[in-house]
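Structure record follows, encoded as structure tokens.
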Amino acid sequence: MRVKVARRYQITIPEEVRDEVGISIGDAVDVRCQDGKVVVEKMGKSWESVMEETKGAWKTHPIFKEMKDSIEIVDWLRQKKRKA
């Protein structure tokens with residue numbers, strides 16, 4: 001689908017493409033050059049939503065079950081590595 005580059009190098013993503021990919025106002029996209037082409041790709045879930053989804057995922061682990069989220073687990077692992 002052809003679009004025109006506007007004055008400040010902006011483009012409008014056509015409605016059909018937005019609907020197919022699921023892009024909404026406020027979503028993050030990645031813009032990069034790949035094999036001489038400009039690629040605009042919708043970014044995955046936000047960090048906050050990933051943290052919410054993984055909350056409690058380690059509840060049966062002998063050590064991690066006491067930790068509130070993945071950030072606390074990563075911090076613990078980093079401290080353990082520094083001591084080694």
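No lab work stands behind these numbers, since they all come straight from the coordinates. Remember, predicted model here, so these are calculated numbers, not experimental data. Quick reminder, even Gly has a Cβ in these numbers, built from the backbone with ideal geometry, and neighbours come from all protein chains shown.
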Candidates ARG8, ARG32 - the one that is of a type in the set (Lys, Arg) and not in a strand (DSSP E or B): ARG8
Under 8 Å between Cβ atoms, which residue pairs at least 6 apart in sequence (or on different chains) link something in the stretch 57-84 that is on the phi < 0 side of the Ramachandran plot and part of a loop (DSSP other than H, G, I, E, B) with a partner that is surrounded by 11 or more Cβ atoms within 10 Å (Cβ to Cβ) and of a type in the set (Val, Ile, Thr)? TRP58/ILE73; MET67/ILE73; ASP69/THR54
Taking first residues from the stretch 23-39 that are under 15 Å from ILE11 (Cβ atoms) and second residues anywhere that are part of a loop (DSSP other than H, G, I, E, B), the pairs with Cβ under 6 Å that are 6 or more apart or on different chains are ASP30/MET43
